[in-house]
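Taken together, the values in this text are just the output of simple stated rules run on the coordinates, not laboratory data. This one's a predicted model, so the numbers in the text were calculated from it and none came from an experiment. For neighbour counting, all protein chains shown are included, and Cβ atoms are generated from backbone atoms with ideal geometry for every residue, glycine included.
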Amino acid sequence: MKIIVLNCGSSSIKYQLFDMTTTEVLAKGVAEKIGLHGSFIKHERLDGTKVKIEGEILDHQAGIEYILGILKSEKYGSIKNFNEIDAVGHRVVHGAEAFKGSEYITDEVVKKMEECIDLAPLHNPPNLKGIYAMQHLLPGVPQVGAFDTAFHQTMEPHAYMYAIPYSLYRKYGLRRYGFHGSSHRYVSARAAEMLGKDLKDLKMITCHLGNGASIAAIKGGKSVDTSMGLTPVEGLIMGTRTGDLDAGVLLYIMQKENIDHLNANILVNKHSGMLGITGVSSDMREIETAAEANNERAILGLEMYHYRIRKYIGSYAAAMGGVDVIIFTGGVGENGPETREEVCKDMEFLGLEFDPEANKGKRGKEVIISKPGSRVTAMVVPTNEELVIARDTERIVLESVNK
Amino acid sequence: MPETLDDFALSKRIQKKGSIQKVAVIGCGSMGQEITRTVAQHGMDVVFIEVSEAKIKEVFQQIDAHLDEVINQWGLTVGEKRVILSHIKGSVDFNDIRDADLVIESINSQKPGTNINMRKEVFRKVEEIVAEDVVITSNNSTLMISEIASELKHPERTAGLHFISPSASIKIVEVIRGIETNDATFDFVLKFAKMIEKQAIVINESPGHVSSRLIVTLINEACETLMEGVASVQCIDTTMKMGYGLLFGPFEMADRIGLDNLLKWMDNLYAEYGLQKFKASPIIKRLVRAGYHGLKTGKGFYKYENGKIISQAITATEFK
C-alpha cells in the first residue's frame, strides 16, 4: 500500500510518500511560500535525488497538484500512475473533543473538523484546505485525518479542566487539549519496543523539545497529562512562546502597554520564550554558543528552560505515582546532549542515574542515556509523526475495506 | 530554460490570471503608506509612485519608523518587518507599475479645493501603462469613482476602494461600485479585500460613501457644540469616547483625518448635496488657514508631541 502523508501549514505543505510494505519513504519534500512571492518545492527521492523547483504556487490546491505532478514525473517521480496511491493521511492540528483518534474522512467528519476551526483558527483551515484539494484531485482515494490532540483525549477531567467558570467550558470547550499527540504516541510506543517491555506496564514522561515543546505523562500507554493546553502557548518554555505564565501578568502587560488581544497573542507566541529572555535567538544552538561566551541572559534563559522541564518531570512523576522511562525527542531533545544532561543530572532521588558518557555527542539516534541498572531509564527516541499518520491511515483504510 | 513548477502541472487548470502578486499605490502620503504596509504585510509586492526620489526616501523612513513602533507595541517581529520591507519598492516612474495586478490611487494634494482633475489625470496615465484588464481603484473619500474614471477607455475596470485610518486595525474597507464597474472588477476588488483580511462594505456609489458622510456630520455638530460653549474639546471627546464607546472622540478623529482633508471632504459633500449639515464649520476653516492641520502638523484641535496629545489647542471661548 502506498500512502501520501500531508502536513499543510498556512503557507507550506510537507509531504511524504510511504510504501507501507516496508514503511520506506519513497519520496518526501515541502512546498514553501504558498500564496506568496518566491514559492518553490523541495523534493527528495529515496535514491537521494534532490531538487528545488521554483514557480508560482497560488494556493494549497495548486501546491498539491504540483506535488502530485512531481511524484508522477519521469525525472523525479516515484510512481507511474495515481492509481498507485492507495490513501492519503492528513495531519490535523486541533480535533477538540470530537476526535479521540484518527478518522476516515467523510463529509460528516469534514463538517466536525470545520467546527473545530474556532479553537485553532491559524492551524485548522490550512489542514482542511489540503483535504479539500485531495478530494478534488484524487477523488475516491480514501483520506484519513490524524489529530495532534487525539492522543491526549484519554486525560481525565481533573487534568484537563481549567479552574475557570464551568459555563465557559460548556460554552466554548475551553480546556486542556494538548498537542504533538502523534509524536508522544510514537516515541512512547517505540521506547517500550526498544526496552522489550509492554507499554501497559510503564509509566513514561515524554519530552518533545523542538521550537514548540511539550511534555506528556503517559501511564500504561495512555496520556494522563500534558503541558500544552487549549493552545500551544502553555507549558514548557519554547523558542518564542512563554509557556506557563500567570494570567495576571498578561493582563498587566495589556493594560500597561495599551495593547489589544491580537498584539498580546503575538507577544506570547512570537516575542517571548528563549528569544524574549535571551535577546539572542530562539535557536538553542545559538543560545548555547552565547552562553559559552558568558552571555548572562543566555545563561539565565538556559537555566530557566532546564528548570521548567525538571519541574514538569517532578510533577508528572507525582501525578503518575512514579516514573519508569523518560524520553527525549524533537529537534532539541534529539540533537541537544547538553539539554538532556542539564535536565537529567541530580535526579538520583527519583531513581534516575544519568550516564553522561552514553549521552555525550549523541544526536538524532535511538539511545539509552541512563546507567545500566538505573531504576528510571532515560532515552532518546527520534520522533516520526509522519509514520504514525501513515500507519493509522493504513489501518483505518484496511478496516473500512474489511467492514 | 530552468524547469519551473509549470512543467509539473497536471492540467492547465492552474490559472495565473486573477492572482494578485503586485499592487501599485499611486501617491504615498499617510494613507498611501498605510495601504502599502497593509498590502506588503499580506505577502504581496507593492510599488508606490511618488513625485521625487527625496519623497520616496522620506516614505521609506516613515514606513520604517512606523513598523518599529508596531514592534515596540509587540505587534510584529523584527524578522516580519524585514519581510514586509522586502515587498515594498518606491518609484517616480509610472512604467514601474506595468506588471501590477491592481492599482490603488491614493494621491493627496496640498492645494485647496477638489483634486478631481489630478485624479482623472492619474487614471489616464495609469491606463496608458497597465494591461487592459488591470483593475484601477481610487481611495478617495468623497468624489465619485464614475467621474474619476469617466475619461478612460475602459471605465468598467474601475471601482472605489476606500480605506479608513488606521487601516492596520480597522477591519473594513468600503468597496464602491461605479456606474460602469463590471462584475468581474467588483469581484476582483472583493477578493483583494479578503486577501488583506478586511470585511468589504459594499457601497453603491454616493459621495462620502457611508464612512465619510457620517463622520463629517458628527464632527460638524461637535464644532457647533463647541462654538455654543456647551463643553470643551476634551469634554466633548470624552463624552463620545466613554459614553458611546468610540475609538476616538470627534475632535481627535478630525485631527487624525487631517483638518485640511476634512475641509475638502466637507466642501465636496456640500457641493454635492447642498445641505447645511455638510458645510464646513468656521472653526475648521480657521484652523486650516492657520496651518493647524491636526496630528500631522502637531497641532489641530489638540497639540501633539511624538504623536501623543499634550494639551487642548483651542478653547470654546475663542469662538464665542
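Classify region A:2-147 from the C-alpha gyration tensor, please: rounded if a/c falls under 1.5, else prolate or oblate depending on whether a/b exceeds b/c. Spell out each step's value before the answer.
Numbers: a/c = 2.02, a/b = 1.36, b/c = 1.48.
Taking the square roots of the gyration eigenvalues as a ≥ b ≥ c, region A:2-147 is oblate.
Once a ≥ b ≥ c are taken as the square roots of the eigenvalues of the Cα gyration tensor of region B:199-271, is the result rounded (a/c under 1.5), prolate (a/b larger than b/c) or oblate (a/b not larger than b/c)?
Working: a/c = 2.31, a/b = 1.47, b/c = 1.57.
Because a/c hits 1.5 or more and a/b fails to exceed b/c, region B:199-271 counts as oblate.
When the gyration tensor of region B:16-204 is built from Cα positions, what are the square roots of 5 times its three eigenvalues, in whole Å, from largest to smallest? Write down the numbers at each step before the final one.
Values: eigenvalues 126, 66, 51 Å².
That gives 25, 18, 16 Å for the three semi-axes.
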In what sequence do B:S146, B:S169, A:S78 fall when counting other Cβ within 10 Å, fewest first?
B:S169, B:S146, A:S78
May I ask you to give the average projected area over all directions of the convex hull of the Cα atoms of region A:96-235, in nm² rounded to one decimal?
9.6
Each label sits 7 Å from Cα toward the beta-carbon; between B:K89 and A:I117 the label points are separated, in nm, by 3.5
Long-range HN-HN contacts of B:Y302 with modeled amide H, under 5 Å:
B:A313
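Would you please report the Å³ per residue occupied by the convex hull of the alpha carbon atoms in region B:211-319?
Values: hull volume 10.1 nm³, N = 109.
Roughly 93 Å³ of hull volume per residue.
Work out the P(r) tail for region A:161-204: percent of alpha carbon pairs separated by more than 11 Å, whole number.
Details: 673 of 946 pairs.
Result: 71 percent of Cα pairs exceed 11 Å.
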So what is the 222 nm mean residue ellipticity for chain A from helices alone, if each DSSP H run of at least 4 adds -39500 (n - 2.57) and you divide by all residues, rounding to the nearest 500 deg cm²/dmol?
-11500 deg cm²/dmol
Using a ≥ b ≥ c from the Cα gyration tensor of chain A (square roots of the eigenvalues), is it rounded, prolate or oblate, where a/c under 1.5 gives rounded and otherwise the larger of a/b and b/c decides, a/b for prolate?
rounded
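Antiparallel as a % of all DSSP beta bridges within region A:259-403, to the nearest 5?
Numbers: 3 of 8 bridges.
Among the beta bridges of region A:259-403, antiparallel pairing accounts for roughly 40 percent.
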Count neighbours as other Cβ atoms within 10 Å of each site's Cβ, and list the trypsin sites (Lys or Arg not before Pro) in region A:245-292 that are DSSP loop with at most 10 such neighbours.
none
Run through the DSSP bridge list for chain B and note the antiparallel percent, rounded to the nearest 5.
30
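Sort A:I218, B:I145 so that the residue with the fewest other Cβ atoms within 10 Å of its own Cβ comes first and the one with the most comes last. Display every interim value, and only then the final one.
Numbers: A:I218 31, B:I145 28.
The fewest-first ordering by Cβ neighbours comes to B:I145, A:I218.
Nearest 5 is fine: what % of DSSP beta bridges in chain A come out antiparallel, could you say? Spell out each step's value before the answer.
Values: 41 of 61 bridges.
Given both bridge residues lie in chain A, the antiparallel proportion sits at roughly 65 percent.
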Using a basic spin-label model with each label point 7 Å from the Cα along Cα→Cβ, how many nm lie between A:L398 and A:M161?
4.1
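Hey, could you grab the Kirkwood Rh for the protein assembly as shown? Inverse mean 1/r over distinct alpha carbon pairs, Å, one decimal. Walk me through the numbers on the way to the answer.
On the way: mean 1/r = 0.0344 Å⁻¹.
One decimal place: 29.1 Å for the Kirkwood radius.
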Where labels lie 7 Å past Cα in the beta-carbon direction, separation of B:E228 and B:S206 in nm
2.6
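Could you estimate the translational diffusion coefficient of chain B from the Stokes-Einstein equation, with Rh from the Kirkwood formula over C-alpha pairs, at 37 °C and 0.692 mPa s, in whole µm²/s?
Values: Rh = 20.9 Å.
Once the numbers are plugged in, D ends up at 157 µm²/s.
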Which one of B:Y244, B:Q73, B:A24 is farthest out on the positive end of the charge dipole of chain B, using unit charges on Cβ (Lys, Arg +1; Asp, Glu -1) and the Cα centre as origin?
B:Y244
Long-range amide H partners of B:H293, meaning residues 5 or more apart or on another chain whose placed amide H is closer than 5 Å, are B:K299
To two decimal places, what compactness ratio does region A:198-385 give when its Cα radius of gyration is scaled by 2.2 N^0.38 Å?
1.06
